Every structure is written in C-alpha cells, then in structure tokens.
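First up is the structure itself, then whatever we jot down about it.
The values are calculated or read from the model by the stated rules, or taken from the named source; none is laboratory data. What you are looking at is a predicted structure, and each value in this text was computed from that prediction instead of being measured. Cβ placement follows ideal geometry from the backbone for every residue including glycine, while neighbour counts extend to all protein chains displayed.
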Amino acid sequence: MQIKFWGARGSIATPLTNTELTAKIQAAVKRSINVELSTDKKVSEFVKNLPVHIRQTVGGETACIEIRTDRCLLILDAGTGIRRLGMDLLDRFAGQPIDAHILMTHTHWDHISGIPFFVPGMNPDNHFTFYSPFDDLKERLKLQQRYEYFPAPLPATYKFVRLKEQKTLKIGDLSIQTLPLNHPSGSYSYRIDSNDTSVVYATDSEYQNLSVESMKPFIDFFQNAELLIFDAQYTMLENIEKENWGHSNVFTGIDMALKAGVKKLAFIHHEPAYDDEKLWDILQKAREYLKINKPESKLELDLAVEGLTITL
Ligand SMILES: [Zn+2]
Ligand SMILES: [Zn+2]
C-alpha cells in the first residue's frame, strides 16, 4: 500500500509567501559562509543537511491523500491538493481510463474545493465514485458547482454511495470502515485495511472528554493501525483557546496512538497561521514529549508534508 499526501494544510490553501521564501534563502546563504561548495555534489550535500524547515515546506494545498494498492486507487478528500493529483493521474494513465474511489470525510471547503479543478473528472471515460455517510453528498457538491460559483456543472458521470456506520465496504483488496468524529456539522474517520496493513485517516476532530469511556470508540477504531493520520491543527494552548472549533493537537494524538498500539503517526491539517519553522518545531516538541513519557516506545512521528509518500 502506498500513501501519498497531495495536500496537508487545514482550513484554507496557504501558499508560501515571498517573505517566507526570502527568509529561507537568507538562512541557507548564511549557513553556507565558509563552506566549500565547488561541485554540484557538495551543494546537494549542503542542502540535504540544512534544517528541514529551511530546505522544505509542508505545502499549502488542502486535504487530499492518495492510497494505491495493486488493485485499487483510493482518494481521501478533495481539497485543493486533488488538482495536482489529477494532473499526475493523467500522466500516469496516459489515455487509459481512470477508475478511482473518493472517500469524503465531510464537506467543509478545505475538503471539497479542489473538485471543480479535478481535470480527469471531466472525461466521461473515467470513473469516479464518491463515498460518505452523508445522505446528501451529491446535492452538496452540486451546490458548489452552481453556475454562480463555477462555470461547469458537476460531471454527470460521478457516482455516489452512502456508507453506513458499522458496515464494512469492500473495494478491491481493501476493507473500509467509518466512524463519526466530533467536528462542527460532522466529520468521519476512515479505517482502510488490506491483507497485511492498515491506515486510519482521522482529520477534523476534537477530543474534549478524554475519559477512558468516551475515548474507547476512537481507540478501538485506531487499534493496531500501521499508520494513523491525525488532525493536529493547533498547539495545546491554542487548542484550549479554540474549544469547539473541532480540531486537535499532537499530544492528544500521541496519547491515543500509544493506547491503540499504532506504529506510525502522521500529523495533518496544519494551521494556516503557522509557518514551516513553527510546524517543524511542533513536531520536535511532540518527539520530546514521546521520549519523556514513553522512552521505550517505537511509535514513529512525522508531519504530513505535501509530496510525502509512505509505503506500508
Ligand atoms: Zn478541514
Ligand atoms: Zn472541517
């Protein structure tokens, strides 16, 4: 199973600004003073060893994750990241029909606004099926493509399947389950199991009551996942200030992942107001927290970064 992040930002697309880009260049140039950089190899080595927040960006596209197995292609959410995924699919399939299954967590803008720009969706030879537990997903997406908002209607070839909680959906070699999360107007988590691995996508969720009883449904759902993709939009302090905004933080994610026996934890839905330096600092603090609280733990922590590919 291969997982690729095409968008990891929360709430609204957040491109890198010129000021941020200039600061990265200046920081890199400063570090290069007195470093011998006479060959391409030495330059590459120097860049590779720069702090990660200088040489990379988490990216500004909103939620879109691709999951590929030998037998099927899944897409989780259709935020702005799905535009580039669409271009990539056109290249990869090179004229062959594309058949993909799109699991929607909910319909806040940051999870649907890429749909009008998903070019493979315009070709009736391709097949796209949307899944969600919402009764009216089709109507919601049609509304987004009303003429006042976008000049083309929702493609008629899109299919819609309403999922039922506690029922397992089979797509190719995958079994998919869904669980409601605590988020304004609702959001759903997805657990995707193949024969030999499992991934859980749990974005746009707040965990207010941390009692064993109220956390049990989530811990059970996350149980032994190889990878948990977890909403960690806020720092702990901001999470407390923004009670009822429907998001979480890295520390809650770590505590839940440890209880559920998760192997890898990827933080997603990055706050638009946080720059790369702050986001990688949050990851650093998360790693320190894990080391202090559970030094023997083998739980791997990472930021979901645009372009990151994880093979399970
Ligand atoms: Zn969101
Ligand atoms: Zn949301």
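Remarks
- The condition of being out of contact with any strand residue (DSSP E or B) (no Cβ under 6 Å at 6 or more places or on another chain), within 16 Å of ligand 1 (Cβ to nearest atom) and modelled with pLDDT under 95 holds for only one of ASN239, ASN182, that being ASN239.
- Annotation note: of ARG84, ARG92, the sole residue that is at pLDDT 95 or above, surrounded by 15 or more Cβ atoms within 10 Å (Cβ to Cβ) and away from ligand 1 (no atom under 16 Å from the Cβ) is ARG84.
- Search result, residues across region 124-138 that are surrounded by 13 or more Cβ atoms within 10 Å (Cβ to Cβ) and either out of contact with any Leu (no Cβ under 8 Å at 6 or more places or on another chain) or touching a residue at least 60 places away in the same chain (Cβ under 8 Å) (or both): ASN126, HIS127, PHE128, THR129, PHE134, ASP136, LEU137
- Region 144-160, subset assigned to a loop (DSSP other than H, G, I, E, B) and among the charged types (D, E, K, R), residue surrounded by the fewest Cβ atoms within 10 Å (Cβ to Cβ): GLU148
- Residue tally, condition away from ligand 1 (no atom under 16 Å from the Cβ), part of a loop (DSSP other than H, G, I, E, B) and at pLDDT 95 or above, over region 185-206: 2
- When GLU66, GLU45, GLU36 are checked against the criterion of being surrounded by 15 or more Cβ atoms within 10 Å (Cβ to Cβ) and of a type in the set (D, E, K, R), a single residue qualifies: GLU66.
- Which numbered condition ILE65 misses (of (1) within 16 Å of ligand 2 (Cβ to nearest atom); (2) closer than 24 Å to ILE192 by Cα; (3) assigned to a loop (DSSP other than H, G, I, E, B)): (3)
- Subset of region 254-281 (residues that are within 19 Å of the chain's Cα centre (by Cα) and within 15 Å of GLN208 (Cβ to Cβ)): MET256
- Any hit, region 6-20, residues being out of contact with any helix residue (DSSP H, G or I) (no Cβ under 7 Å at 6 or more places or on another chain), under 18 Å from ASP302 (Cα atoms), of a type in the set (Phe, Trp, Tyr) and not in a helix (DSSP H, G or I): no
- Of all residue pairs spaced 6 or more apart or on separate chains, those with beta-carbon atoms under 6 Å, a first member in region 200-219 that is farther than 19 Å from ILE240 by Cα and a second member that is β-branched (Val, Ile, Thr) are TYR201/ILE229.
- Scanning region 21-46 for residues that are hydroxyl-bearing (Ser, Thr, Tyr) and assigned to a helix (DSSP H, G or I), we see that the one that is nearest to ligand 1 (Cβ to nearest atom) is THR22.
- Scanning region 159-207 for residues that are of a type in the set (S, T, N, Q) and away from ligand 2 (no atom under 16 Å from the Cβ) gives GLN166, THR168, SER175, GLN177, SER194, ASN195, THR197, SER198.
- Meets criteria (without any contact (Cβ under 8 Å) to a residue 12 or more places away in the chain and acidic (Asp, Glu)) for GLU45: yes
- Against the test of being over 25 Å from GLY7 (Cβ atoms), at pLDDT 95 or above and either part of a strand (DSSP E or B) or out of contact with any Asp or Glu (no Cβ under 8 Å at 6 or more places or on another chain) (or both), the options LYS216, LYS285, LYS278 yield a single qualifying residue, LYS216.
Okay, residues lined up against (1) within 16 Å of ligand 2 (Cβ to nearest atom); (2) of a type in the set (S, T, N, Q); (3) within 29 Å of GLY246 (Cα to Cα); (4) in a strand (DSSP E or B):
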site: LEU74; (1), (2), (3), (4): no, no, yes, yes
site: LEU90; (1), (2), (3), (4): no, no, no, no
site: THR107; (1), (2), (3), (4): yes, yes, yes, no
site: ASP110; (1), (2), (3), (4): yes, no, yes, no
site: PRO124; (1), (2), (3), (4): no, no, no, no
